[in-house]
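In what follows, a structure is listed as structure tokens, so that the remarks can point back to it.
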Amino acid sequence: MVTLNPDYRKVKQSYLFSEITKRTKAFQASHPDAKIIRLGIGNTTEPLPEIICDALENASRRLGKRETYSGYGDEQGNSDLREAISKFYAKLGLTIPVGEIFVSDGAKSDLGNLMQIFEKGSVIAVQDPVYPAYVDTATISGHQIITMPCTPQNQFFPEMPKQPSVIYFCSPNNPTGAVASRSQLEQLVDHAMQTDSVVVFDAAYSPFISDPKLPRSIYEIEGAKKCAIEINSFSKSAGFTGVRLGWTVVPKDLVVSNTKEGEANAVWNRRQTTFFNGASNIAQAGGLAVLTNEGQEACQKVVDYYKNNASMIRAGLGESGITVYGGRHAPYIWAQMPNGMKSWDAFDKFLTEANVVVTPGSGFGSQGEGFVRFSAFGHQENVQEAIERVKKLKF
Ligand code: MLT
């Protein structure tokens, strides 16, 4: 008998952001004149800098000529891009050799795919609230999930799990916008070393960090190469949400218990060469332009634009008497609703009374109940308008 993977029955019928889209579309259909402003999913809105558009265009033109056409590239990514990523780490004072860098079609794919290299039934520890893709992909992959509550009381830095685990950790955090300090990341790495745990560090939002004292990579912490994998993305830093490009670092020093140094790297390489034929060569050419000095400068301006939106949202919600967290080194503002209002009730209120879409905090886990997440990705004038509308609401 053929059966579907029963673990799909363990996850909610629709993914959080699909559910929000469905509800928003239903509201729009019944209120065709409503000018809805979407601050729900963290979807970039600003145009790509010229230097990146040129690189994407030239790469597609090269495909149109016999002399410059290219087909499959290396599954691990083109060597020039991997070298540029290695240099990106060098600017942080870190040595990450090309052989430890794997280019992907985005962080979301890899954070799910990584679940395949751990034995089924492994314990996956996630922050609660958490980006739902970690939980859903872990469940579908047959692992056990344990949660690490992150609340205002613990400054969104959790107590570490008691048992050896694969610890998914995101900083700057989606959804709370909290950013971990160096000493907190030292605790995380120490804990992983002492308990034979592995950290999967999601650094997708690191370009939003503006305080040089805050680590942008887990490898800034001593010993992390022995216990941590890092995922990164061009989505939020360079507007590649639609282009699709990211990377994963699996250090050769990483030792998963009962394996030798280099084995985790080799297993991931086997996974990628078997299941993946490499990221789009056009996207990789764009990524190379992102990592030039000029590209980095241009992308940082766009990140700063979103950070300015985040400040506006923080200020506006504060004026409305809503307690806000995050949004300083992250594009997300974690807003605690007054009077014990539930997350989905708040979602409905924002949608129906202000025509503003937010993400209900409870969709990120039980500790998110009573919160909603505002995304700072949007045109500035829309964010301004959304805030003006929200300020008129009575709670
Ligand atoms: C989010 O809104 O949490 C993210 O944009 C989703 C994603 O990056 O896939």
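The values are calculated or read from the model by the stated rules, or taken from the named source; none is laboratory data. Values in this document were obtained by computation on a predicted structure and should not be read as measured data. Backbone-built Cβ (ideal geometry, glycine too); neighbour counts: all protein chains shown.
Across segment 245-265, what is the number of residues that are assigned to a loop (DSSP other than H, G, I, E, B), aliphatic (A, V, I, L, M), closer than 19 Å to VAL198 by Cβ and at pLDDT 95 or above?
2
Of these, VAL199, VAL243, which one is among the aliphatic types (A, V, I, L, M), more than 23 Å from PHE377 (Cβ to Cβ) and in contact with a helix residue (DSSP H, G or I) (Cβ under 8 Å, 6 or more places away or on another chain)?
VAL199
Could you tell me whether VAL356 is more than 21 Å from the chain's Cα centre (by Cα), among the β-branched types (Val, Ile, Thr), within 16 Å of the ligand (Cβ to nearest atom) and under 21 Å from ASN43 (Cβ atoms)?
yes
Determine if segment 374-391 includes at least one residue that is surrounded by fewer than 17 Cβ atoms within 10 Å (Cβ to Cβ), outside any helix (DSSP H, G or I) and either of a type outside the set (A, V, I, L, M) or within 15 Å of the ligand (Cβ to nearest atom) (or both).
Yes, because at least one residue in segment 374-391 is surrounded by fewer than 17 Cβ atoms within 10 Å (Cβ to Cβ), outside any helix (DSSP H, G or I) and either of a type outside the set (A, V, I, L, M) or within 15 Å of the ligand (Cβ to nearest atom) (or both).
Condition first: at pLDDT 95 or above, among the hydroxyl-bearing types (Ser, Thr, Tyr), outside any helix (DSSP H, G or I) and over 20 Å from THR24 (Cβ atoms). Now tell me which residues in segment 296-349 satisfy that.
THR323, TYR325
Which pairs turn up if I take residues in segment 94-109 that are closer than 18 Å to SER233 by Cβ and look for partners that are β-branched (Val, Ile, Thr) and part of a helix (DSSP H, G or I) with beta carbon separation below 6 Å, at least 6 apart in sequence or on another chain?
ILE101/ILE85
Of the residues that sit in segment 312-346 and are among the small types (Gly, Ala, Ser) and crowded, with 16+ Cβ neighbours inside 10 Å, which one is nearest to PRO360 (Cα to Cα)?
Going through segment 312-346, the residues among the small types (Gly, Ala, Ser) turn out to be 315-316, 318, 320-321, 326-327, 330, 335, 340, 343, 346.
Still in the running and crowded, with 16+ Cβ neighbours inside 10 Å: 316, 320, 326-327, 330, 335, 343, 346.
Values: GLY316: 18, SER320: 18, GLY326: 16, GLY327: 16, ALA330: 18, ALA335: 10, SER343: 5, ALA346: 7 Å.
Per the criteria, the residue is SER343.
Please note which strands (runs of 3 or more DSSP E) are completely contained in segment 126-244 and include at least 1 residues that are away from the ligand (no atom under 16 Å from the Cβ), within 22 Å of LYS260 (Cα to Cα) and free of Cβ contacts under 8 Å to residues at least 40 places away in the same chain.
Answer list for segment 126-244: 198-202, 228-233.
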